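The values are calculated or read from the model by the stated rules, or taken from the named source; none is laboratory data. Quick caveat, the model's predicted, so the values are computed rather than measured. Counting neighbours? That spans all protein chains shown, and the Cβs are built from the backbone with ideal geometry, glycine included. These area figures cover heavy atoms from the full protein model, side chains too; ligands, DNA and RNA do not enter into them. Shrake-Rupley method; radii C 1.70, N 1.55, O 1.52, S 1.80 Å.
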Amino acid sequence: MKKAIIEMRDICKSYKLGEEDLHVLKKVSVDVFEGEFVAILGPSGSGKSTLMNIIGCMDNCDSGQYKLVDVKVHESKESQLSKVRNEKIGFIFQKYQLIKKYTVIQNVMLPLLVRGMSRKQAEPICAEKIKSVGLGDRMYHIPSELSGGQQQRVAIARAIVTEPSLLLADEPTGALDTKTGKEVLQIFQELSAQGNTIVMITHDLQIASHAHRIIKIVDGEIAPNVADEITPANHIEAPAIQIDETK
């Protein structure tokens with residue numbers, strides 16, 4: 001049996017809206033297992049961003065239980081959660097979040113330096129991850145010298161360099177054209193095939209269809225299965241696409 005990476009039970013979250021409570025998440029229960037590529041799908045206002053923030057230990061639930069690998073997140077203090085974010089989660093954002101004045105390898109190296117690793121130790125590890133996303137010849141370029149697709153691949157390399165338990169991707173293709181977006185999704189599929197666990201947040205059903213499993217959230221609640229609503233995309237069994245180095 002595969003190990004559970006995410007175990008959520010009856011997660012609730014509310015925010016104050018004037019004199020009233022806005023119930024954003026209503027007893028949400030989610031399991032994600034090791035090596036899964038899961039999409040959390042929902043329209044604007046559905047609660048998916050709040051759920052992502054709780055999964056990423058960037059926000060706390062009001063009630064319920066959340067276990068990330070061996071950490072009881074709902075019982076953890078902020079100092080503990082900071083460590084969890086650095087050690088167990090690799091974040092991939094829609095807008096890449098790269099430091100503009102740093103080179104590719106310097107951006108990828110940051111999480112390892114935060115952990116206390118020396119530059120001498122970190123550099124070969126980072127170089128390997130950068131090559132694995134097809135950017136071996138861009139290692140000493142800065143973000144402004146890269147296309148959007150290349151910048152997102154740098155962000156992926158940065159996310160996987162610490163070998164986290166979970167990769168959490170927020171609308172990772174939202175700023176990319178269709179072809180380049182598919183190339184990024186192919187990288188996710190290949191990472192999942194290598195044993196990485198990925199949770200991707202998206203509002204787009206066709207983007208979600210590239211995942212192995214879709215969790216749909218509507219009005220703060222998990223909706224019925226959406227498998228019949230889509231034509232599944234080709235997954236790992238499909239031949240790897242050729243990445244265009246200019247994108």
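Key figures for this structure:
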quantity: Förster radius 25 Å - calculated FRET efficiency between K120 and A4, Cβ distance, rounded to 0.05; calculated: 0.10
quantity: DSSP-loop GluC sites (Glu not before Pro) across region 1-67, with at most 10 other Cβ within 10 angstrom; calculated: E19
quantity: Within the accessible area of the chain (1.4 Å probe), percent carbon and sulfur; calculated: 49
quantity: Contact order normalised by residue count of the chain, Cα under 8 Å, 6+ apart, percent; calculated: 27
quantity: Charge context of I5, other residues only, Cβ under 12 angstrom, K/R +1, D/E -1; calculated: -1
quantity: Solvent accessible area, Å² - Y15, 1.4 Å probe, full protein context; calculated: 90
quantity: Where labels lie 7 Å past Cα in the beta-carbon direction, separation of E163 and C12 in nm; calculated: 4.1
quantity: Surface accessible to a 1.4 Å probe, I125 within the full protein complex, Å²; calculated: 60
quantity: Alpha carbon Rg of region 1-132, scaled by the compact-globule rule 2.2 N^0.38 Å; calculated: 1.24
quantity: Restraint check, K77/K120; K48/K72; K26/K100; K72/K100; K77/K182; K88/K120, Cα-Cα greater than 29 Å; calculated: K77/K120; K26/K100; K72/K100; K77/K182
quantity: Prolate/oblate/rounded label for region 48-124 (Cα gyration tensor, a/c 1.5); calculated: oblate
quantity: With DNA, RNA and ligands ignored, accessible area of V73 (1.4 Å probe; Å², nearest 10); calculated: 10
quantity: Heavy-atom accessible area ranking, 1.4 Å probe, most first, across C126, C61; calculated: C61, C126
quantity: (i) 53, 44, 43; (ii) 53, 48, 36; (iii) 55, 52, 42, with the label sought being that of the calculated Cα extents along the principal axes in Å; calculated: (i)
quantity: Residue-normalised accessible area of region 35-194, given per residue in Å² at a 1.4 Å probe; calculated: 44
quantity: Prolate/oblate/rounded call for region 131-216, Cα gyration tensor, a/c under 1.5 rounded; calculated: oblate
quantity: When the convex hull of its Cα atoms is projected in every direction, mean area for region 103-158 (nm²); calculated: 3.3
quantity: Summed side-chain charge close to G42 - residues other than G42 whose Cβ falls under 12 Å, Lys, Arg +1, Asp, Glu -1; calculated: -2
quantity: By average C-beta atoms within 10 angstrom, highest first, the peptides 80-92, 190-202; calculated: 190-202, 80-92
